[in-house]
Amino acid sequence: VDYYDIRGGTWTLSASAEGLASDTSAVTVIPDTTPPVTTASVGSPKHEAGTTPYVGGSTGIELSATDDASGVKVTKYRIDGGTWNAYAGAITLASYADGSHTMGYYSSDRAGNNESEKLLVVSLDKTAPLIEATEPSGTIIQRTRSVTFRVAVEETGSGVASVELFVDGASEGSMTMEDGAYTKTKDVTPGPHTMSARIM
């Protein structure tokens, strides 16, 4: 028998059943009038921009709740004001569109206390950055072996973390932003070369 009461003290509980002798038992009641406390944590990958975290489709959001008396009965959550769901493990937003989303969540304890709804706002970014243009291309005729490589990047979500230059398949390190493009100058030998870039 689970017994909860908001009146503190020692009480006598009596029980009886047909065909059995009745019995009594003393029970000490600890009042529980305080709801649980639920916290949300955002896993990786994520990017902090001000107070709003950017997350990917695979980023897990975990909820944990504590209660100092009767214990946590259930934790629930909803996305963008939708249907409440019982929390059973890390939540991802892979099925949602890019942009801002609000997750509401709360917990209830076994004594019937309900926590006020809390809100977590995240910005979902599932779209990879795009390279719009690369330079140089074609044939270069010049007196120096020094070549400046340029990459134009389009990114409308969480932003570009880094752009890495590759020449003939070998990494040449990070490129730097200059005049609206990512650039890096390297000395190359005469002859054909290939360049590529990796965006993070």
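The values are calculated or read from the model by the stated rules, or taken from the named source; none is laboratory data. Small disclaimer: the values here were computed from a predicted structure and weren't measured. All Cβ positions, even for glycine, are placed from backbone atoms using ideal geometry, and neighbour counts span all protein chains on display. Ligands, DNA and RNA are stripped out before the accessible areas are found, and what is left, the full protein with its side chains, is counted by its heavy atoms. Shrake-Rupley method; radii C 1.70, N 1.55, O 1.52, S 1.80 Å.
Brief remarks on what is shown
- Among the chymotrypsin sites (Phe, Trp or Tyr not before Pro) in the range 90-135, those placed in a DSSP loop whose Cβ has at most 14 other Cβ atoms within 10 Å are Tyr96.
- Debye, to nearest 20: dipole size of the range 72-200, +1 on Lys, Arg Cβ, -1 on Asp, Glu Cβ: 380 debye
- A Förster distance of 30 Å, applied to the separation of the beta-carbon atoms of Thr33 and Ser64, puts the FRET efficiency at 0.85.
- Multiplying the residue separation of Asn114 and Thr185 by 0.36 nm and removing their Cα-Cα distance gives an extension gain of 19.4 nm.
- With contacts taken as Cα pairs under 8 Å at a separation of at least 6 residues, the range 1-132 carries a relative contact order of 23 percent.
- Contour minus Cα-Cα distance for Trp84 and Ser41 (0.36 nm per residue): 13.6 nm
- Each of Ser95 and Glu155 was given a label point 7 Å from its Cα along the Cα-to-Cβ line. The distance between the two points is 3.0 nm.
- Cα-projected label distance for Thr176 with Asp23, points at 7 Å along beta-carbon direction, nm: 8.2 nm
- Counting only DSSP beta bridges whose two residues both lie in the chain, roughly 95 percent are antiparallel.
- Probe 1.4 Å, accessible area per residue of the chain, Å²: 64 Å²
- Structure-derived P(r) over Cα pairs in 10 Å bins from 0, in percent - corresponding label in [x] 9, 34, 35, 19, 3, 0; [y] 8, 29, 28, 19, 14, 2; [z] 7, 22, 18, 14, 13, 10, 7, 4, 3, 1, 0: [z]
- Carbon and sulfur %, accessible surface of the chain computed with the full protein complex present, 1.4 Å: 49 percent
- Table column - 3J(HN,Hα) (Hz), the range 31-43, Karplus curve with 6.51, -1.76, 1.60, x for Gly and Pro: x, 10, 10, 10, x, x, 10, 10, 10, 10, 10, 9, x
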